[in-house]
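The values are calculated or read from the model by the stated rules, or taken from the named source; none is laboratory data. Please read these numbers as outputs of a predicted model, since none were measured by experiment. Methodologically, a virtual Cβ is constructed for each residue, glycine included, from the backbone with ideal geometry; neighbour enumeration extends over all protein chains shown. Heavy atoms of the whole protein, side chains included, go into the accessibility calculation; ligands, DNA and RNA do not. Shrake-Rupley method; radii C 1.70, N 1.55, O 1.52, S 1.80 Å.
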Amino acid sequence: MADSSEQLQLFAAAPADLPEYHIRESARARHVSLKVHLNGQVEVVVPVGFDQTQVPDLIYRRRDWLWRSRQRLAHQTAGLTDDHFEEKPGQIEVRSRHQTWEVHYQPASTRTLSMTQSGPQTLQLRGPVDNSAACADLLRQWLSRKARAEFAPWLRELSFVVNLPFSRVSIRGQKTRWASCSSDKNISLNYKLLFLPPDLVHYVFVHELCHTVHMNHSKAFWQLVEEKQPNHQRYRDEIRDGWQYVPRWVEE
């Protein structure tokens with residue numbers, strides 16, 4: 001679900017040679033940016049108050065880049081299995097903890113969709129389960145709770161080991177960041193990290209803990225990252241493709 005500061009609008013491209021695209025108005029945006037999602041969908045993020053009648057012209061000027069980006073994504077996603085794109089997952093693979101959760105759907109005449117843990121690693125959704133969007137939203141809420149339970153103690157322990165204290169930890173579902181650290185040393189973690197292998201999650205934690213010392217990506221910052229996690233460049237390279245681990249239904 002988009003933040004309250006954001007508005008989402010769907011536009012069918014006027015010129016025939018342009019793709020369909022979404023416009024998302026964001027209070028955090030300082031300039032217009034284009035994003036191409038896994039399914040080839042084009043998203044245009046604009047600052048609040050931006051003249052949206054300018055968007056088709058912007059899309060047209062970037063049409064070559066959009067075409068190349070969609071082709072590249074099509075090539076990168078060719079190896080992904082069909083269940084990656086499921087609207088309602090039958091399983092949730094929590095790679096960060098080497099767990100696989102079964103998801104069962106029980107249709108019922110109730111108006112409210114509910115979820116219970118019906119087994120050690122089994123989730124059951126009951127109610128209007130044909131509403132894929134509602135099911136995904138409920139599962140994302142579960143992911144957020146799961147991430148807090150898993151990540152908060154993990155981050156605290158690592159903080160002690162590397163001697164980099166932080167203030168508070170929060171869990172969110174950021175669209176473009178795995179995590180972030182504020183000037184007050186508050187760390188925000190993306191629940192999508194649950195889908196990444198443990199070594200990549202560990203790298204993200206080290207990265208953010210180092211931001212409690214350096215609020216930038218200066219040479220000194222990277223030297224600290226290397227000190228706390230030797231050969232960090234390997235993980236830095238791997239995390240660039242981390243999105244491939246995150247199923248499509250998780251994206252809001």
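Lysines within cross-link reach of Lys35: Cα-Cα under 18 Å, excluding same-chain residues under 8 positions apart?
Within the straight-line limit of under 18 Å, Lys35 reaches these lysines: Lys175.
Suppose every Lys and Arg Cβ carries +1 and every Asp and Glu Cβ carries -1, with no other charges. What dipole size does the chain come out with about its Cα centre, to the nearest 20 debye?
520 debye
DSSP beta bridges in the chain, what fraction antiparallel, as a percent rounded to 5?
60 percent
Calculate for the chain the 222 nm mean residue ellipticity that helices alone would give, adding -39,500 (n - 2.57) per DSSP H run of length 4 or more and normalising by residue count, nearest 500 deg cm²/dmol.
That comes out to -10500 deg cm²/dmol.
Would you mind counting up the charge near Lys35? Only other residues with Cβ under 12 Å from its Cβ, with Lys and Arg at +1 and Asp and Glu at -1.
Residues close to Lys35 contribute a combined charge of +2.
Quick one: pull the percent of accessible area on the chain belonging to carbon and sulfur, 1.4 Å probe, ligands and nucleic acids left out.
On the way: 6830 of 14090 Å².
Percent of accessible area from carbon and sulfur atoms in the chain: 48.
Could you do me a favour and compute the accessible area per residue for the chain, 1.4 Å probe, result in Å²?
About 56 Å² of surface per residue is accessible.
Lysines within cross-link reach of Lys228: Cα-Cα under 25 Å, excluding same-chain residues under 8 positions apart?
In chain and number order, the partners are Lys185, Lys192, Lys219.
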